[in-house]
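What follows is one structure encoded as structure tokens, with my remarks underneath.
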Amino acid sequence: MRQTGSDMSIVINNMTFSYSDEGPTDAPVIIFIHGFPLNKSMWSGQRETLRNECRIITYDVRGHGNSEAGDKEFSIDLFAHDLIDLLNALDIGKAVVAGLSMGGYIALNAIINYPGRFEALILCDTNCIADTAETKEKRFNAISDIMENGMEDYMNESIRNLFAAESLASRPDEIMAVRQMISNTSEITLFDTLRALASRNETCSRLTNIEVPVLILVGEEDVIAPPSAARQMHDKIRDCRLHIIKHAGHLSNMDNPYDFNDQILNFVRAVCPNSLTQ
Ligand code: MLT
């Protein structure tokens, strides 16, 4: 029997995952995967609006938010496997999978390895390339800096890069929420995930194999996964829409939730056979 609620636990392979599951049972299922080093609460602006029309699932990637870390070495492969285990545990055959940044890396890995579980794919502020040598070095430097000096500088730099410039002044609640998500992430999860991100494989060469409809959303001012990266993915995917979100940076769902949610609803209405408006 389906359990509904906003902060629930489920045990999968002896590990507790935290998740939310809301909205009508017979509606299209959208499962949202958060970015790094955040957690499922980054999707509160989507849950509140989209659950009127869709079944919305959010969850904390292992080690993040309220999900346990387990004892396996973190990797994007492992995170993608967890996604499929969660779908199995919730008895969901196919879903629309939406991932932002690290969530997008996980979704892309999952669609390559488990294409039959996808009704459609939504890629937000993400990229298909592997880390460059420079990006890897930055991640390893971040680990040593945090070990030596603590989190404050890392947190401040992250906030500057995550939001659009205008949001830094106009969205204090969102900034506070993200600050809290980062400071609630344990150092061990930060380090293990930074290593997992640095060692992930590229997925660009597999984009031509994607057979389901894809929506790509990207903040116009995203400095981490910029519109140029979104265009490159768009050009390789057969059935793909691209939308650039104005007044938005890397966390385009928090910078401009109105446009972000509208785009998702329009896409789901168009591509999901069980959309409530069809
Ligand atoms: C994220 O938002 O998930 C991160 O920026 C991903 C990354 O560091 O590559």
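Listed here are the strands (runs of 3 or more DSSP E) enclosed by region 1-81 that have at least 2 residues being surrounded by fewer than 19 Cβ atoms within 10 Å (Cβ to Cβ) and modelled with pLDDT of 95 or more: 5-12, 15-22. Is it true that Thr208 is away from the ligand (no atom under 15 Å from the Cβ) and either surrounded by 13 or more Cβ atoms within 10 Å (Cβ to Cβ) or over 25 Å from Ser252 (Cα atoms) (or both)? Considered against the rule, which asks whether it is away from the ligand (no atom under 15 Å from the Cβ) and either surrounded by 13 or more Cβ atoms within 10 Å (Cβ to Cβ) or over 25 Å from Ser252 (Cα atoms) (or both), Thr208 comes out as yes.
Yes or no, residue by residue, for (1) more than 20 Å from Val61 (Cβ to Cβ); (2) touching a strand residue (DSSP E or B) at 6+ places or on another chain (Cβ under 8 Å):
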site	(1), (2)
Ala165	yes, no
Leu207	yes, no
Glu220	yes, yes
Asn253	no, yes
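Just wondering, is there one or more residues in region 218-228 that are more than 12 Å from the ligand (Cβ to nearest atom), of a type in the set (A, V, I, L, M, F, W, C), buried (at least 16 other Cβ atoms within 10 Å of the Cβ) and farther than 17 Å from Met42 by Cβ? Among the residues of region 218-228, not one is more than 12 Å from the ligand (Cβ to nearest atom), of a type in the set (A, V, I, L, M, F, W, C), buried (at least 16 other Cβ atoms within 10 Å of the Cβ) and farther than 17 Å from Met42 by Cβ, which makes the answer no. Per the conditions (1) of a type outside the set (Asp, Glu); (2) at pLDDT 95 or above; (3) in a loop (DSSP other than H, G, I, E, B); (4) out of contact with any helix residue (DSSP H, G or I) (no Cβ under 8 Å at 6 or more places or on another chain), the sole criterion not satisfied by Asn274 is (2).
From the set of residues in region 110-146 that are of a type outside the set (Gly, Ala, Ser) and free of Cβ contacts under 8 Å to residues at least 24 places away in the same chain, which is nearest to the ligand (Cβ to nearest atom)?
Start the filter on region 110-146 by keeping residues that are of a type outside the set (Gly, Ala, Ser), which leaves 111-115, 117-119, 121-129, 131-132, 134-141, 143, 145-146.
Of the ones still in play, those that are also free of Cβ contacts under 8 Å to residues at least 24 places away in the same chain are 132, 134, 137-138, 141, 145.
Numbers: Thr132: 11, Glu134: 13, Glu137: 13, Lys138: 9, Asn141: 13, Asp145: 15 Å.
Per the stated criteria, the residue is Lys138.
The values are calculated or read from the model by the stated rules, or taken from the named source; none is laboratory data. The structure presented is a predicted model; accordingly, all values stated were derived computationally and were not measured. Note: ideal-geometry Cβ built from the backbone for every residue, glycine included; neighbour counts use all protein chains shown.
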